[in-house]
Amino acid sequence: DTAVSQTPKYLVTQMGNDKSIKCEQNLGHDTMYWYKQDSKKFLKIMFSYNNKELIINETVPNRFSPKSPDKAHLNLHINSLELGDSAVYFCASSPAPKNTEAFFGQGTRLTVV
Amino acid sequence: GESVGLHLPTLSVQEGDNSIINCAYSNSASDYFIWYKQESGKGPQFIIDIRSNMDKRQGQRVTVLLNKTVKHLSLQIAATQPGDSAVYFCAENTGTASKLTFGTGTRLQVTL
């Protein structure tokens, strides 16, 4: 069974559309994250949730809205998609908010055309 | 061979040789560090971690060295294998925030 699973794996959509990426972890972890990886492979955190509570919100446009219905799920909704949103988005989870390894999902490759 | 992890450089090593991947981290308050391996089309995968109260930690075929004086981290891979080919990232955590800050990555290519 996959520990951190994201759907979909690939997402191609037109500018201006709204889309969601779903993430689930079956590790029993308290903390979940969304990271964005650009075309140069640079990984940057977007959001972090601990026990369904938002604890990190980096300088991300408010078109991006995370939602955590329970500890095992963290979804990412993106409104009014722009060309610059094209990237690979990774969900991750960790047992605790700090100083522990994060387990990553396989990524969602978002292409905005 | 050695490399510095800036702007995704590439390190090419022959199979069986040892690899050294370097990373300069930014925050002197960081107290936890991780090395990740990312294969093509996959998410980053944990390799080894080290806390700031240590300067060396060994795993299976891998060793991480931490030099806090110069804010430098290195990953040594012994007897490099073709399966080690991937992009390697160092990441730091200051301990005051629930996030890992990643370095820019180094691509390791293993030649036969």
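The values are calculated or read from the model by the stated rules, or taken from the named source; none is laboratory data. Owing to the predicted nature of the structure, the values given are computational and were not obtained by experimental measurement. Neighbour counts are summed over all protein chains in view; Cβ atoms, including those assigned to glycine, are modelled from backbone coordinates with ideal geometry.
Is it the case that some residue within region A:94-105 is part of a strand (DSSP E or B), at pLDDT 95 or above, of a type outside the set (Phe, Trp, Tyr) and in contact with a strand residue (DSSP E or B) (Cβ under 7 Å, 6 or more places away or on another chain)?
no
Please enumerate the residues belonging to region B:34-78 that are within 14 Å of another protein chain (Cβ to nearest Cβ) and part of a loop (DSSP other than H, G, I, E, B).
B:Glu39, B:Ser40, B:Gly41, B:Lys42, B:Gly43, B:Pro44, B:Ser52, B:Asn53, B:Met54, B:Gly59
Kindly establish whether A:Thr111 is under 24 Å from B:Glu39 (Cβ atoms) and over 10 Å from the mean Cα position of the chain (by Cα). Reasoning before the result, please.
On the way: under 24 Å from B:Glu39 (Cβ atoms): yes; over 10 Å from the mean Cα position of the chain (by Cα): yes.
Spelling it out, A:Thr111 is indeed under 24 Å from B:Glu39 (Cβ atoms) and over 10 Å from the mean Cα position of the chain (by Cα).
Looking at region A:53-66, can you tell me whether even one residue there is in a strand (DSSP E or B), out of contact with any Ser or Thr (no Cβ under 9 Å at 6 or more places or on another chain), of a type outside the set (D, E, K, R) and within 16 Å of B:Pro44 (Cβ to Cβ)?
No, the conditions are met nowhere in region A:53-66.
Can you work out which of the residues in region A:27-49 that are under 17 Å from A:Gly84 (Cβ atoms) and part of a strand (DSSP E or B) is nearest to the chain's Cα centre (by Cα)?
My answer is A:Trp34.
How many of the residues making up region B:79-112 are surrounded by 14 or more Cβ atoms within 10 Å (Cβ to Cβ), assigned to a loop (DSSP other than H, G, I, E, B) and not charged (D, E, K, R)?
Residues flagged as surrounded by 14 or more Cβ atoms within 10 Å (Cβ to Cβ), assigned to a loop (DSSP other than H, G, I, E, B) and not charged (D, E, K, R) within region B:79-112 amount to 10.
Considering only residues that are in contact (Cβ under 8 Å) with a residue 12 or more places away in the chain and out of contact with any helix residue (DSSP H, G or I) (no Cβ under 6 Å at 6 or more places or on another chain), which ones fall in region A:101-113?
Within region A:101-113, A:Ala102, A:Phe103, A:Phe104, A:Gly105, A:Gln106, A:Gly107, A:Thr108, A:Arg109, A:Leu110, A:Thr111, A:Val113 qualify.
Scan region A:55-99 residue by residue and report those that are within 14 Å of chain B (Cβ to nearest Cβ) and in contact (Cβ under 8 Å) with a residue 60 or more places away in the chain.
A:Tyr89, A:Phe90, A:Cys91, A:Ala92, A:Ser93, A:Ser94, A:Pro95, A:Ala96, A:Pro97
For the condition over 25 Å from A:Ala92 (Cα atoms) and either touching a strand residue (DSSP E or B) at 6+ places or on another chain (Cβ under 8 Å) or modelled with pLDDT under 95 (or both), what is the one hit in B:Thr80, B:Thr63? Working first, answer last.
Numbers: B:Thr63 fails: over 25 Å from A:Ala92 (Cα atoms).
Among B:Thr80, B:Thr63, only B:Thr80 is over 25 Å from A:Ala92 (Cα atoms) and either touching a strand residue (DSSP E or B) at 6+ places or on another chain (Cβ under 8 Å) or modelled with pLDDT under 95 (or both).
Name the residues in region A:1-26 that are modelled with pLDDT of 95 or more and outside any strand (DSSP E or B), would you? Steps first, answer last, please.
Of region A:1-26, the ones modelled with pLDDT of 95 or more are A:4-26.
Of everything in region A:1-26, those that are modelled with pLDDT of 95 or more and outside any strand (DSSP E or B) turn out to be A:Pro8, A:Lys9, A:Gln14, A:Met15, A:Gly16, A:Asn17, A:Asp18, A:Asn26.
Please verify whether region A:36-49 includes one or more residues that are surrounded by fewer than 13 Cβ atoms within 10 Å (Cβ to Cβ) and touching a strand residue (DSSP E or B) at 6+ places or on another chain (Cβ under 7 Å). Spell out the reasoning first.
Kept after step one, since they are surrounded by fewer than 13 Cβ atoms within 10 Å (Cβ to Cβ), are these residues of region A:36-49: A:38-40.
Going one step further and asking which of them are touching a strand residue (DSSP E or B) at 6+ places or on another chain (Cβ under 7 Å), we end up with A:38.
The answer is yes, given that some residue of region A:36-49 is surrounded by fewer than 13 Cβ atoms within 10 Å (Cβ to Cβ) and touching a strand residue (DSSP E or B) at 6+ places or on another chain (Cβ under 7 Å).
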